[in-house]
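See below for the structure under consideration.
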Amino acid sequence: MERLSIFDIYKIGVGPSSSHTLGPWNAALQFATALWGLELQPDHVEVHLYGSLSKTGVGHATDLAVQLGLEGCDPVTVDTAEIPIRIERIRAHEQIVIHNYPIPFTPSRDIVFHNHARLEHPNTLTFKAFSDHEVLLEQTYYSLGGGFIEREGENVQELQQIQLPFPIDKGADLLRHIDQQDASVSEIVWANELRFHEYSEVKEQIDSIFRTMLECVFRGINTSGILPGGLNVKRRAAKLNKELLDGQTFDSLEEWLALVSGTSRDFTNVNKWVSCFALAVNEENAALGRVVTSPTNGAAGVIPAVMLYMYCFCDHNSIDDIERFLLTSGEIGCLFKKGATISAAVGGCQAEIGVSSAMAAGGLTEILGGSPRQVLAAAEIAMEHHLGLTCDPIGGLVQVPCIERNAMGAMKAITAAHLALATDPDDCLVNFDVVVKTMWDTAQDMNHKYKETSEGGLAFNLPVVLPSC
């Protein structure tokens, strides 16, 4: 199987969706790079969206993402406040700037939504560049979830031939290496990461991931108002944060963390805080804010919420704790990516919230002193109770039920961790690899209308008409 780093799972990007925003954005960046090598300069560019990218593309800002990617914007560093300005400039001037060269481009005409086409992969997009009505370059990409993309005709296996000291394709592989090395989950993962990156790079990337998560939560608890998109969903995290702090004020992220850590640790208070953390992230995600895929944008709130639970209420707030949490949880995400899917368009929401909850449960269990087998047991418990979860976003927006679902996934992760810690893994009837296979089987059996098409479930029973591209 492909060799994955935890930083393939944890990517910094822009909301609202990793498969519908970040993936198409990255595909557009690749296509724009390919255009640079052409002998002729294109005079026209088209983008064709198929399947779930077409049906929920506007709600997920796919149309905006491909424009930003074609213009060479980096989702990691782009000033999110400038996005509306750039998009309006493209629309008003009817041209897009690719490698400093303006090309006529009308989004309403040149981004084509093929709502009724059924292709092999549900997240397919094709870019076409023309010169004097002749096709100069055409490339088709598949958005695989979590920001992963694959170009048609490209062999991903050949691109990733890195040799790891501890190759892991299943939970059983991980446990075998752990037993042979007498190591923890995070120690095995750390050794593998050093084949992808230098020691200092791993440290720096973990710090960047954690800091980005914290900053996202902090923006979310400081921002009120109505989320964009047309559903008129009110932000709730800021109001909840204010109520929980009971009038206490703060001037920085560090002051806020200290105040949160000093509040009551009774169940009700902690429960509300975990929900507040998760809501804050996914409200930011819905507003095209900067988030970390964990493993996707739509599920980006679960990991930060559980990490902040660990940080503020479990007295585990050292950099070592953060590193071990992200290494362990990231590897669990890699295993689901390899053995099943992390794309809601392929597997429903079990592939996003379910996987993020399993990741968080495993990471928390290691930090709270669980054995490696308890770590995998926690991940299994969390996924077991998300099996069959559908993806039915109202209006194609990552808002309802998505934002609240992150809070629920976080609480399930915490519950799963504590259950695993109180359990002898040898007594578990279901193991981690069985639940990964079961999730994949369920994904394949699930009706397509429950896979991010907005044609079933809540989206069907609460239909709304939103502005088109």
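Data for the structure
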| read-out | value |
| --- | --- |
| Which listed pairs, of Lys11/Lys337; Lys337/Lys449; Lys234/Lys412; Lys412/Lys437; Lys55/Lys239, have C-alpha distances above 26 Å, in listed order | Lys55/Lys239 |
| Projected label distance in nm at Leu194 and Arg91, using a 7 Å step from Cα toward the beta-carbon | 5.2 |
| Value at 222 nm in deg cm²/dmol, rounded to 500, when DSSP H runs of n ≥ 4 in the chain each add -39,500 (n - 2.57) | -15500 deg cm²/dmol |
| From phi via Karplus (6.51, -1.76, 1.60), per-residue ³J(HN,Hα) for the range 446-454 in Hz, x at Gly/Pro | 5, 4, 4, 5, 9, 10, 6, 9, 6 |
| Which of Cys391, Cys216 has the fewest Cβ neighbours within 10 Å, and the rest in rising order | Cys216, Cys391 |
| Kyte-Doolittle at least -1.0, axis length at least 24 Å by Cα - qualifying DSSP helices, the chain | 199-221, 267-286, 319-339, 402-421 |
| q = 0.11, 0.13 Å⁻¹: log10 I(q)/I(0) that the Debye formula gives for the chain, counting C-alpha atoms only | -0.84, -1.17 |
| Bridge type composition, the chain - antiparallel percent by DSSP, nearest 5 | 85 |
| Nonlocal amide H pairs with Lys11, under 5 Å, H built at 1.01 Å | Thr293 |
| Ranked Met310, Met213, criterion: other C-beta atoms within 10 Å, fewest first | Met310, Met213 |
| Other-chain or far-sequence residues with amide H under 5 Å of Ile111's (modelled H) | Val47 |
| Amide H partners (placed H, <5 Å) of Ser17, local residues excluded | Leu22 |
| Footprinting exposure proxy for Tyr309, Tyr101 (fewest neighbouring C-beta atoms within 10 Å first) | Tyr101, Tyr309 |
| Vicinal HN-Hα couplings computed from phi for the range 128-138 (Karplus, 6.51 cos²θ - 1.76 cosθ + 1.60; Hz; Gly/Pro x) | 10, 10, 10, 9, 6, 6, 9, 6, 7, 8, 9 |
| FRET efficiency, Ser131 to Leu253 (Cβ-Cβ, R0 30 Å, nearest 0.05) | 0.05 |
| Filtered trypsin sites (Lys or Arg not before Pro), the range 261-348: DSSP coil and at most 15 other beta carbons within 10 Å | Arg265 |
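Only the coordinates and a few stated rules stand behind these numbers; no lab work does. Quantities reported herein were computed from a predicted structural model and do not represent experimental measurements. Glycine gets a Cβ as well: all are built from the backbone with ideal geometry, and neighbour counts include every protein chain shown.
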